[in-house]
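K.L.:
Pasting a structure below so you can have a look.
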Amino acid sequence: MAIILLVEGHPEVRALLGAVVADLGHSCVDPPARLPAIPPAADVVVVDPSLPGAAGLVRAAKRRSPRAAVVALPSGPSDDAEPMEDAVATLSRPFSLDALSRALRRAVELATGAGTGAGPGIGPSVA
């Protein structure tokens, strides 16, 4: 089971993301309510990079969990796209549930080594 940090400003989209994450057998954590704060440790960060402070939050999450994979779900333009450059996937809205599920599975595989025969810290690097 992986831990997925959901950084999404639209409650309806966040609820959908949470349901997909749960269906895949993983758990969700929320970002800190106030920035700058240290985000919780996570294997995958699902983020809307157009949200204010999203880039800094991704950087902080990657410092805390260097192998954390990023899935970007932009709802608009971003002032700072640099931390999203190595995203495992960038899905344009509207995205399909199938595309979201595939992106999350791939991100979990890369972050945890699941499906590679390697344990955490041994699989492919996304840092």
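Please treat every number below as a calculation from the coordinates, not as lab data. Given the structure is predicted, the values throughout are model-derived calculations rather than measurements. Cβ atoms come from the backbone with ideal geometry, glycine included; neighbour counts cover every protein chain shown.
K.L.:
Want the number for residue 79 to residue 101: 0.36 nm per residue separation, take away the alpha-carbon distance, what's left?
P.N.:
Stretched out fully, the residue 79 to residue 101 stretch lengthens by 5.2 nm.
K.L.:
Name the long-range amide H neighbours of residue 29: under 5 Å, sequence gap of 5 or more, or other chain; modelled H, no Pro or chain starts.
P.N.:
HN-HN under 5 Å from residue 29: 4, 5, 6.
K.L.:
Report, by chain and number, residues whose modeled amide H sits under 5 Å from the one on residue 50, excluding near sequence neighbours (fewer than 5 apart, same chain).
P.N.:
Residues meeting the criterion, in which the H sits 1.01 Å from N, are 75, 76.
K.L.:
Just add up the charged neighbours of residue 14: K/R +1, D/E -1, any other residue whose Cβ is under 11 Å from the Cβ of residue 14.
P.N.:
So the environment of residue 14 carries a net charge of -4.
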